[in-house]
Amino acid sequence: MLVDSFNRKIDYIRVSVTERCNFRCQYCMPEKPFSWVPKENLLSFEELFEFIKIGIDEGISKVRITGGEPLLREDLDKFIYLIHSYKPDIDLAMTTNGYLLPKVAEKLQKAGLKRINISLDSLIPEVAHHIAQKSVLSEVLEGIQKAKRVGLKVKINSVPMAGVNSEEILDILEFGISNDMPVRFIEYMENSFANRELVGLTSSEILEKIGKRYSFTDEGVEAGSPSHYYKLESGYRFGIIEPHRDDFCTHCNRIRLTAEGHLIPCLYFDEAMSIKDSIRDGNLKKAGEILREVVKNKPEKNRWDSQEESSRAFYETGG
Ligand code: SAM
Ligand code: SF4
């Protein structure tokens, strides 16, 4: 079992399979980076899988594939199948912008993917275009429906930003209600790569807008999830991810692996250790030691509560 120095059990790994993306979201990658990591520096799926196996043997029970945009990486279904075959009861999930899903959702589900979180920041084509800097809405909506049809459990992720999509919170919530998909609003996390002018809505501002139309009860933070959940009178539950809350990190259960092999203990900080050489040398003992070291060094909490921005790129860590 992996336990950090604050007695938190670490049983969840987020694996970013590429930093590249087909969107240029204002809050994540508004401009194309000066250069991409060269392909030869990226771990192959077999190499990533070697490390994931070590994590699973040490007690990891949930793997989420993310990016950049994970669907840009070829043969993703084969990677999913490797993980699924190694431990069929693993909680195997993905986060995607959904644009390429219509073509691949079925293949991913058949390979063993169980759950998928799809980003949906606006239901207005022009606003979605403004945020992603590309005409995306119809493809994303089609991707959401396709994922549902093939039997994946779908959640919707949405980042409310003042003056951008802040008047769409009820519409996004009602999209979730009518499609029977939980919506999770994510407080915008300040980072040095985002559009400098962005101002995110706080959890209380989001709740105030929802409260104008709905009554809800506070269900608290769910075990193993970063979301604070609320329940409408109808029984529908929605979540808010509140990284600015002082106690947000109290139950953190995750580490992150990038496509380049950096193992990252916390989304906010720059600290990381590379597992690339040990995996490429076949030194799995060393890779296991690095895993335990990174878990041990997990910081107690992020610094978003003090309004500082992170210098980590979300498209590298996978959010
Ligand atoms: N490309 C995929 C997508 O957009 O869903 C996966 C990668 S993306 C980095 C993962 C999640 O991080 C998305 O739900 C996205 O909305 C969220 N995200 C990215 N930058 C963020 C920021 N600055 N603040 C809050 N959430 C952010
Ligand atoms: Fe791409 Fe996702 Fe970042 Fe948007 S949030 S730029 S879709 S990685």
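The values are calculated or read from the model by the stated rules, or taken from the named source; none is laboratory data. Note that this is a predicted model, so its numbers are computed, not measured. Please note: Cβ atoms are built from the backbone with ideal geometry, for glycine as well, and neighbour counts cover all protein chains shown. Just so you know, the surface numbers come from the protein's heavy atoms only, side chains and all, with ligands and any DNA or RNA stripped out. Shrake-Rupley method; radii C 1.70, N 1.55, O 1.52, S 1.80 Å.
At a threshold of 8 angstrom on Cα-Cα distance, excluding pairs fewer than six apart, so keeping six or more, what relative contact order does segment 12-317 reach in percent? Before the final figure, lay out the partial values.
Working: 591 pairs, mean separation 63.6, N = 306.
It comes to 21 percent, rounded to a whole number.
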Inset, instruction - Using the Karplus curve 6.51 cos²θ - 1.76 cosθ + 1.60 with θ = phi - 60°, work out ³J(HN,Hα) for each residue of segment 103-111 in order, rounded to whole Hz, and write x for Gly and Pro. - result: 7, 10, 3, 5, 4, 5, 5, 5, 6
Inset, instruction - Answer with one residue from Val199, Val164, Gly151: the one whose Cα lies farthest towards the positive end of the charge dipole of segment 147-288, charges on Cβ with Lys, Arg +1 and Asp, Glu -1. - result: Gly151
Legend entry - Phi-based couplings in Hz for segment 243-260 (Karplus 6.51, -1.76, 1.60; Gly and Pro marked x): x, 7, 5, 4, 9, 4, 8, 3, 10, 4, 10, 10, 10, 10, 10, 8, 4, 8
Legend entry - Efficiency of FRET from Cβ geometry, Glu197 and Asn41, R₀ 41 Å, rounded to 0.05: 0.80
Legend entry - Positive-end residue of Ile118, Ile54, Asn253, charge dipole of the chain with Cβ unit charges: Ile54
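I need the calculated FRET efficiency for the pair Asp75 and Asp246, taking r as the beta carbon distance and R₀ as 51 Å, to the nearest 0.05.
0.75
Give me the percent of accessible area attributable to carbon and sulfur for segment 12-317, probe 1.4 angstrom. Show your work: numbers first, answer last.
On the way: 6690 of 13520 Å².
Of the solvent-accessible surface of segment 12-317, carbon and sulfur hold 50 percent.
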Legend entry - Average accessible surface area per residue within the chain, 1.4 Å rolling probe, Å²: 45
Inset, instruction - Under a 10 Å cutoff between Cα atoms, tell me which one of Met161, Met189, Met273 has the largest fluctuation in the Gaussian network model of the chain. - result: Met273
Inset, instruction - Taking each pair of different alpha-carbon atoms in the chain once, compute 1/r for the pair, average those values, and report the inverse of that mean as the Kirkwood hydrodynamic radius in Å to one decimal. - result: 19.9
Inset, instruction - Holding the Cα-Cα limit at 30 Å, pick out from Lys62/Lys301; Lys155/Lys301; Lys39/Lys62; Lys148/Lys276; Lys62/Lys286 the pairs that are longer than that. - result: Lys148/Lys276
Inset, instruction - Take peptides 36-43, 201-208, 98-105 and line them up by average Cβ neighbours within 10 Å, highest first, as a rough protection proxy. - result: 98-105, 201-208, 36-43
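How much length is gained if the chain between Glu222 and Phe269 is pulled fully straight, taking 0.36 nm per residue apart and subtracting their Cα-Cα distance, in nm to one decimal?
Values: separation 47, 0.36 × 47 = 16.92 nm, distance 2.42 nm.
So the extension gain works out to 14.5 nm.
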Inset, instruction - Name the shape class, rounded, prolate or oblate, that the alpha-carbon gyration tensor gives for segment 1-61, where a ≥ b ≥ c are the square roots of its eigenvalues, rounded holds for a/c under 1.5, and otherwise prolate holds if a/b is larger than b/c and oblate otherwise. - result: oblate
Legend entry - Cβ charges +1 (Lys, Arg) and -1 (Asp, Glu), total dipole of the chain, debye: 900
Legend entry - Contact order relative to length of segment 231-319, as percent, for alpha carbon pairs under 8 angstrom and 6 or more apart: 33
Legend entry - Backbone HN-Hα couplings from phi across segment 89-102 [Karplus 6.51/-1.76/1.60, Hz, Gly and Pro as x]: 8, 5, 7, 10, 10, 9, 10, 8, 7, x, 4, 9, 4, x
